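Values quoted throughout were computed directly from the atomic coordinates according to the rules given, and no laboratory measurement underlies them. On a predicted model such as this, the values are computed, not experimentally measured, just so you know. Cβ sites come from the backbone with ideal geometry, for glycine too, and all protein chains shown count toward neighbours.
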Amino acid sequence: MNKFDTNGWGEFKIGDIFDIQTGSLLNSKELKNGDIKRISAKNENNGIIGSYDTEFIKEARHYENFISVNFFGDTFYHPYKASVEMKVHILKLKNKVFTQSSGIFIASILKRYFSDKFGYGNQLSSSKLKNENFKISLPITQNGEIDFEFMETTIKNTKSKMQNILNTYKSLIERERERVKFGIWILVQITLYFRKNAVLFKVALCK
């Protein structure tokens with residue numbers, strides 16, 4: 001997401017605006033392939049380690065439409081239902097449900113805030129998230145409330161810009177393909193011409 005002017009934004013304590021929970025430890029032998037994504041503490045692929053049939057595992061903890069923060073501070077937004085590993089924390093807004101845009105926007109803010117702050121020797125726990133004075137800056141309305149409309153507009157505009165860039169690249173690639181195709185066609189025509197007239201060229205060279 002592009003950088004923008006954060007002057008005039010408000011500061012919010014993470015423990016005040018989010019309900020915070022944590023995933024659970026499951027025996028890997030219990031995990032059978034299925035349709036429910038499982039979120040781990042890895043920092044790639046949105047933390048997803050695979051899809052499993054965890055619906056009927058008693059110890060599994062499932063969440064939907066949430067932000068995950070692992071003990072390293074890696075942060076992702078998940079609009080789908082997923083089971084979550086231990087040492088991965090679940091954040092949901094206390095008074096509002098995430099839309100895709102607000103989830104992406106706030107997750108990107110959290111990702112920047114937590115970047116390079118935690119590691120094996122200093123792990124991020126749910127108690128730290130709830131009780132320590134972690135504050136993030138978010139856009140606010142004239143009434144001092146979180147401005148979710150700003151988030152919707154920002155993400156919409158960002159997606160539009162990215163799509164325009166993608167369309168431009170696609171157009172350039174297509175033009176390059178057509179240029180290459182035309183070049184190949186010319187070479188084929190020249191080759192066919194020489195083959196067709198090979199006898200005439202041989203006769204001309206012998207004269």
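Multiply the residue gap between residue 30 and residue 184 by 0.36 nm, knock off their C-alpha separation, and tell me the result in nm, one decimal place.
Separation in residues times 0.36 nm, less the Cα-Cα distance, equals 49.8 nm.
Could you point to the residue in 163, 131, 68 farthest towards the positive end of the chain's charge dipole, with +1 and -1 charges on the Cβ of Lys/Arg and Asp/Glu respectively?
Result: 163, furthest along the dipole toward the positive end.
Per DSSP helix of 4 or more residues, -39500 (n - 2.57); summed, then divided by the residues of the chain. What does that give at 222 nm, rounded to the nearest 500?
-13500 deg cm²/dmol
Cβ under 15 Å from residue 65's Cβ, residue 65 left aside: what net charge do those residues give with Lys, Arg +1 and Asp, Glu -1?
+4
Just from the alpha-carbon atoms, what are the Rg and Dmax of the chain in angstroms?
27.6, 98
Past the 21 Å Cα-Cα mark, which pairs from 81/128; 29/58; 128/156; 37/92; 42/117?
Violating the 21 Å Cα-Cα cut-off are 81/128; 128/156.
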